[in-house]
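Peer 1: Can you read through this structure? Questions will come right after.
The values are calculated or read from the model by the stated rules, or taken from the named source; none is laboratory data. Note that the structure is a prediction, hence the values are computed from the model and not measured. In this analysis, Cβ positions are derived from the backbone assuming ideal geometry, glycine residues included, and neighbour counts consider all displayed protein chains. Ligands, DNA and RNA are stripped out before the accessible areas are found, and what is left, the full protein with its side chains, is counted by its heavy atoms. Shrake-Rupley method; radii C 1.70, N 1.55, O 1.52, S 1.80 Å.
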Amino acid sequence: MRLTLRGWTVVVAVVVAVALSWGFGPRALNAIVVPLVVVLLAGLVTAVRTDRPRVDRQPVSEGFIGEQRRVEVAIETDGPIAATVRDTVGDGLSSTAEPVTETTLEGDETVTNDVGLEARGRHRVGPLSIVVSDIVGLVERRFEYEARTPVLVYPRVHELDSGPAADIRALAGVADRRDREEFDHLREYQRGDPLRDIHWKTAAKRPDGELVVAEYADDEAIGAVTVAAECRSRRFDEFADRDDEWAAATASVVTVLLERGAPVGLSLPDETQQPGDGREHHRELLGLLAVAGPGELDDWTRQDADVLVRTDADGTTVVVDDREIPFDRLRGRDRGRRNGSDGRDHDARRGQGDQNTQRGRGDYDSRRECDDDGRSGVSP
C-alpha cells in the first residue's frame, strides 16, 4: 500500500496549511487541513479493507505465426473498486500497446487484450497485477498474481503447389501408396462383393469357373507415411529470428500428406508420434513441431522414413525415394530467384493464397471436412 501522486499532493497541502495556520490563525487549519486529513484517512481505510480480488485466467487456443489471440482474465471482487489491471506479454508474443486496463471492478468482470503470435513455441502471458485505489485516488494497493496463460504457436505452413510438377508428384506419390493393401487370403465370391476385388487370374484357373475374391489385411498401419525431420545446424537468415525453417518445412510436408488422406507419423530427434489422421492428429503433429528443437536422427530412423526433411548448413532438403528436393524449390521460391527477384513477384501473382504463406495456413480442415470414420475428404 502506498500513496499516489495525488495523495502526496494532499500531504504537501496539509503541511503547507499547518504552516500557514501559524501566521493566520487556526481558522485556516480548520478550513483546509481537516477535510484533507479526513479524505486521506478514508482512503487509507478503504485500501486496507479491500480484499484480494480473485483471478481466473481463461485458456487461449493455439494458433499460427501472424495470427492474433484474445487473452481473457476473469476477476471477482466483493464490491466495487477502482482498479488498474496490468498484464505481461512474454517472449514470442506481441501487443500493439501495453496491456493495461483502467476500470471499475464490481462483482464478476472480464478483462481482455489481444496478443500477436510472433514465433513458434510454447509462450506465456503473465504475470498479472491489479492496483486498487480509493474513490478519490489518494491511496493504492497492489496485488500480484504469478499464474500465467500458456499460448502454443505452431510453425508456418507453406503452400507446396508452386514447385516443379515432378517434385510435387514425387511427394504426392508417397501419400498415394496408402492404396496398396496387404494381401491376406482368397475366398469364394459372394453376392454384393465389389467386382474390383475379384481375383480374375485365379478364377480363370478354377475348373468350376467359380469366382474368387481377394481379401486384404485390415491394418491401419499399412499405407501409413512416416516423416522424419532433423536440423543439423541453424540457418541465420530470415527464418532464424521468427521460425525455424526445418519446422516450417516439416509442418508443410505433413499437412500436404494429411490433405491427401494418408495416415502420417512423425519422427523427431527427441520425440516420435505414431501414424494417424484427422484434425486432432494434425494438431498433435503441429504441437510437436512447435516446441521441437534442433538435433540429428539415428541412421535407422533416417533410413526407415518415407520422407526425410533435413536442414543443414546448405539449406533445407526434402528427401523422397532418394530424390533430394530443395524446400525452396518445392515452394516455388527459386523460380522467383531465377527471374531476378526474391520470389515476391511470384507470391503476388498468387493473390489470396499469399496470405497463407505469410501467416501460416491454419488447420488443413478449414478446406476439408472429416468423414464419420475420422478420415479427411475434400469438401465440395
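Peer 1: How high is the FRET efficiency from THR112 to GLN274, r the C-beta distance, R0 35 Å, rounded to 0.05? Before the final figure, lay out each step's value.
Peer 2: Values: r = 38 Å, r/R0 = 1.10.
Calculated transfer efficiency: 0.35.
Peer 1: Classify segment 37-78 as rounded, prolate or oblate, taking a ≥ b ≥ c as the square roots of the eigenvalues of its Cα gyration tensor: rounded when a/c is under 1.5, otherwise prolate if a/b is larger than b/c and oblate if not. It would help to have the intermediate numbers written out before the result.
Peer 2: Numbers: a/c = 7.60, a/b = 3.19, b/c = 2.38.
It is prolate, given that a/c is not under 1.5 and a/b is the larger ratio.
Peer 1: For ARG232 and ARG70, FRET efficiency with R0 = 25 Å and r from the beta-carbon atoms, rounded to 0.05? Could the numbers behind the result be given before it?
Peer 2: Details: r = 39 Å, r/R0 = 1.54.
E between ARG70 and ARG232, to the nearest 0.05, is 0.05.
Peer 1: For PHE64, what residues show an amide H to amide H distance below 5 Å, using hydrogens built from the backbone and excluding near sequence neighbours?
Peer 2: When sequence neighbours closer than 5 places are left aside, the close amide H contacts are TYR154.
Peer 1: Here's a follow-up. Simple spin-label model, 7 Å along Cα-to-Cβ: ARG283 to SER94 in nm?
Peer 2: 2.6 nm
Peer 1: In whole Hz and in residue order, list the ³J(HN,Hα) couplings for segment 8-16 that follow from phi through the Karplus curve 6.51 cos²θ - 1.76 cosθ + 1.60, θ = phi - 60°; x for Gly and Pro.
Peer 2: 5, 5, 5, 4, 4, 4, 5, 4, 5
Peer 1: Contour minus end-to-end for LEU5 and LEU195, with contour as 0.36 nm per residue of separation and end-to-end as the Cα-Cα distance?
Peer 2: Working: separation 190, 0.36 × 190 = 68.40 nm, distance 8.72 nm.
So the chain would gain 59.7 nm between LEU5 and LEU195.
Peer 1: Any number yet on Rg/Rh for segment 56-150, C-alpha, Kirkwood? The partial results should precede the final answer.
Peer 2: Working: Rg = 14.2 Å, Rh = 14.0 Å.
Over the Cα atoms of segment 56-150, Rg/Rh equals 1.01.
Peer 1: For HIS199, HIS123, write out the residues from largest to smallest accessible area, computed with a 1.4 angstrom probe and no ligands counted.
Peer 2: HIS199, HIS123
Peer 1: Another one. Using 0.36 nm per residue of separation minus the Cα-Cα distance, give me the extension gain between THR84 and SER61 in nm, one decimal.
Peer 2: Values: separation 23, 0.36 × 23 = 8.28 nm, distance 2.58 nm.
Gain in length upon complete extension: 5.7 nm.
Peer 1: Normalise the Debye intensity by I(0) for segment 1-90, one equal point scatterer per Cα, no solvent, then take log10 at q = 0.21 Å⁻¹ and round to two decimals.
Peer 2: Cα-only, vacuum Debye calculation for segment 1-90: -1.05.
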